[in-house]
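Trainee: Below is the structure I would like to discuss, written out as structure tokens.
Read the figures in this text as sums done on the coordinates, not as results from a lab. Please read these numbers as outputs of a predicted model, since none were measured by experiment. No Cβ is skipped: glycine too gets one built from the backbone with ideal geometry, and neighbour counts run over all protein chains shown.
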Amino acid sequence: MALVVRRNGNLFPFVMTDLLDTERFFDTDLIDLDTDLLISTNGRDVIPSANITERDKDYLIELAAPGMSKKDFKVELENNTLSISSEKEEKREEEENGISRKEFSYNSFCRSFRLPENSKSDKIDAEYENGILKVSIPKKEVTVSKTKKEIAVS
């Protein structure tokens, strides 16, 4: 059984772009009305997309977060809620011909997921590879009691 999750928060994904024809008036890297955010940073949204899949033995959460490293992520579990957050700060300074140029950027996000009751919260595993953070949440085996018990009627 697969669990399907929509990738962005819009219920009507192309209404604004089709209505306003934004590609005709705006640079597509500057503004994208089909996403949750109106202004993106360097063509990337601040909140990464997430795919959630239910597999036979586990749940898999995949977050698209290119350009980051595994040390940028913080994965926490509190009260059966899994929180994935990241903070990344970049600074660049150049000096050329007596002119100094300083640039900096700061990106952060936090996504939270309520875990199902049949998940093993003590066995959660996370790995970051090729721009995708994969979080595996194993399932508990559900056992059905098949013992027969006779109940006396009084």
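Trainee: Report the calculated FRET efficiency for CYS110 and ASN79 (r = Cβ-Cβ distance, R0 = 22 Å), to the nearest 0.05.
Mentor: 0.90
Trainee: Could I have the simple spin-label model distance between SER49 and LYS70, label points 7 Å from Cα toward Cβ, reported in nm to one decimal?
Mentor: With each label placed 7 Å out from Cα toward Cβ, I get 2.5 nm.
Trainee: Using θ = phi - 60° and the Karplus form 6.51 cos²θ - 1.76 cosθ + 1.60, what ³J(HN,Hα) does each residue of region 128-142 get, whole Hz, x for Gly and Pro?
Mentor: Here the 3J(HN,Hα) series is 10, 8, 6, x, 10, 8, 10, 10, 9, 10, x, 9, 7, 7, 8 Hz.
Trainee: Another question, then. List the residues whose amide H sits under 5 Å from the amide H of ASP58, counting only those 5 or more places along or on another chain, with H placed 1.01 Å from N in the peptide plane.
Mentor: Close amide H contacts, sequence-distant or interchain: LYS139.
Trainee: Whose amide H sits under 5 Å from the amide H of ILE132, counting only residues 5 or more places off or on another chain, with H placed in the peptide plane?
Mentor: Under 5 Å from the amide H of ILE132 lie the amide H atoms of ALA65, each far enough along the sequence or on another chain.
Trainee: Excluding residues on the same chain fewer than 8 positions from LYS71, give the lysines whose Cα lies under 16 Å from its Cα.
Mentor: Reachable lysines: LYS88, LYS134.
Trainee: Can you pull a Stokes-Einstein diffusion coefficient for region 47-138 at 37 °C (0.692 mPa s), Rh from Kirkwood over Cα pairs, as a whole number of µm²/s? Mind showing how you got there, number by number?
Mentor: Details: Rh = 15.0 Å.
For the chosen part, D equals 219 µm²/s.
Trainee: Which order results if LEU82, LEU77 are arranged by neighbouring Cβ count within 10 Å, fewest first? Write down the numbers at each step before the final one.
Mentor: Details: LEU82 21, LEU77 15.
Lowest count first: LEU77, LEU82.
Trainee: Highest first, please rank the peptides 119-127, 98-106 by the mean number of other Cβ atoms sitting within 10 Å of their residues.
Mentor: 119-127, 98-106
Trainee: If I take every Cα pair under 8 Å that is 6 or more residues apart in region 47-138, average their sequence separation and divide by the length, what percent do I get for the relative contact order?
Mentor: 32
Trainee: Given points 7 Å out from each Cα along the Cα-Cβ axis, report the VAL144 to LYS120 separation in nanometres with one decimal.
Mentor: 2.2
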